[in-house]
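Structure first, commentary second.
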Amino acid sequence: MSADVIDLAIIGGGPAGMSAALVAGRARLRTVVVNEEQPRNAVTTASHGFLTRDGAHPAELLSIAKQQLRKYDTVRYVQGRAQGVEAVAGGVRLHANGETVTARRVIIATGYRDDLASLKLPGIVDVYGKSVYPCPFCDGFEHRDERIAVFGAAGAEHLVPVVRVWSSDVILFTNGEALDEAVASSMRDKGVEVVLEPVVRLHSTDGNLTAVEVHGGRTVVRDSGFVASDTSVPATKFPDELGVGTTVNDWGMEVCETHDAGKTNVANVYVVGDASHGFSGLIDAAAEGSRCAADIVIELAMERWAASGSSTG
């Protein structure tokens with residue numbers, strides 16, 4: 001990394017970060033992308049809903065993105081971990097791989113990682129990303145008309161109606177969590193069984209969910225499932241360390257407060273993707289990264305314009 005000041009540092013190489021890098025490269029911004037290459041979606045077998053790439057593995061999407069960035073000689077891609085970022089006069093200072101770079105702007109696109117242990121679902125590791133998922137939009141179609149389990153009480157009132165788009169056979173397992181009686185009554189009235197007992201074990205074969213065993217000895221046959229309780233935690237603490245404000249989204253998740261395509265309350269600091277929404281989906285994250293980088297291009301262009309000399313004649 002260069003010791004002088006560059007235009008843009010991007011932390012994270014998912015769809016949001018790499019899309020931002022593409023726009024920055026095409027605008028000839030001097031940019032560095034730092035990506036640890038340990039994405040949250042690495043456990044899944046395919047990504048869905050991304051136009052022209054539906055069904056591609058996440059690793060394939062990253063490989064294509066890296067290949068396409070190579071022709072933009074103002075963009076440097078660094079595989080490694082960012083150790084820290086701090087605000088400095090006129091920009092930010094990023095520490096990564098034992099080196100330091102100062103940039104006029106930073107985009108944090110590190111998103112979230114899953115804390116599966118917090119679910120307290122024995123056997124979840126065997127099925128997560130293979131037949132049990134966090135997002136029905138990403139994986140619901142592949143499990144249409146199956147016997148689907150929804151796990152967790154928090155957020156169930158939002159998730160269960162959505163999952164019913166793909167299957168009429170849905171059972172809610174609260175895993176011992178309390179569920180508002182009005183919500184439970186509404187579920188039952190609409191044909192959704194509510195199982196309140198704690199889950200003893202998720203049974204599976206080769207990653208495919210086969211049954212849910214609950215306390216008391218009952219075993220309920222299920223083919224696939226979705227998780228209502230939030231399993232995610234921020235992948236980095238950089239926004240907090242920089243003083244970025246937070247808010248609570250409609251699903252009860254604490255997320256970074258952003259506006260105007262990722263702009264935060266901290267000067268020169270932008271947050272895009274899951275960290276600003278809780279879950280944005282691949283194509284939405286890519287679009288947000290693109291918009292964010294375009295806004296930064298315009299900002300820097302206007303700063304250069306204002307700083308340039310005037311001519312008279």
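The values are calculated or read from the model by the stated rules, or taken from the named source; none is laboratory data. Just so it is clear, the model here is predicted, and its values are computed rather than measured. Positions of Cβ are backbone-derived with ideal geometry, glycine not excepted, and every protein chain shown enters the neighbour counts.
Only one of (1) hydroxyl-bearing (S, T, Y); (2) within 30 Å of N175 (Cα to Cα); (3) in a strand (DSSP E or B) is not met by Y77, so which one is it?
(2)
Please specify each residue of the stretch 139-156 satisfying the condition of being buried (at least 20 other Cβ atoms within 10 Å of the Cβ) and not in a loop (DSSP other than H, G, I, E, B).
Within the stretch 139-156, D139, H143, I148, A149, V150, F151, A156 qualify.
Consider only pairs whose beta carbons are under 6 Å apart and that are at least six residues apart or on different chains; among these, list those whose first residue lies in the stretch 166-186 and is crowded, with 16+ Cβ neighbours inside 10 Å and whose second residue is aliphatic (A, V, I, L, M) and assigned to a loop (DSSP other than H, G, I, E, B).
V170/V192; L172/V192; T174/A153; T174/L196; E177/A153; L179/A153
Can you name every residue in the stretch 162-185 that is farther than 10 Å from V150 by Cβ and either among the hydrophobic types (A, V, I, L, M, F, W, C) or outside any loop (DSSP other than H, G, I, E, B) (or both)?
Within the stretch 162-185, V165, W166, A178, L179, E181, A182, V183, A184, S185 meet the criteria.
Output the residues belonging to the stretch 140-156 that are at pLDDT below 95 and out of contact with any Leu (no Cβ under 8 Å at 6 or more places or on another chain).
A154, G155
Condition check: surrounded by fewer than 23 Cβ atoms within 10 Å (Cβ to Cβ) and under 18 Å from Y112 (Cα atoms). Does H277 satisfy that?
On the way: surrounded by fewer than 23 Cβ atoms within 10 Å (Cβ to Cβ): yes; under 18 Å from Y112 (Cα atoms): yes.
Answer is yes for this residue.
Residues that are more than 28 Å from N35 (Cα to Cα), touching a strand residue (DSSP E or B) at 6+ places or on another chain (Cβ under 8 Å) and surrounded by fewer than 19 Cβ atoms within 10 Å (Cβ to Cβ): does the stretch 222-242 have at least one?
yes
Quick one: V212 ticks every box in (1) in contact with a Lys or Arg (Cβ under 7 Å, 6 or more places away or on another chain); (2) surrounded by fewer than 18 Cβ atoms within 10 Å (Cβ to Cβ); (3) part of a strand (DSSP E or B) except a single one, so which number is it?
Failing condition for V212: (2).
Go through (1) within 22 Å of T100 (Cα to Cα); (2) crowded, with 16+ Cβ neighbours inside 10 Å; (3) under 16 Å from the mean Cα position of the chain (by Cα) one by one and return the number of the condition V78 breaks.
Unmet for V78, out of (1) within 22 Å of T100 (Cα to Cα); (2) crowded, with 16+ Cβ neighbours inside 10 Å; (3) under 16 Å from the mean Cα position of the chain (by Cα): (3).
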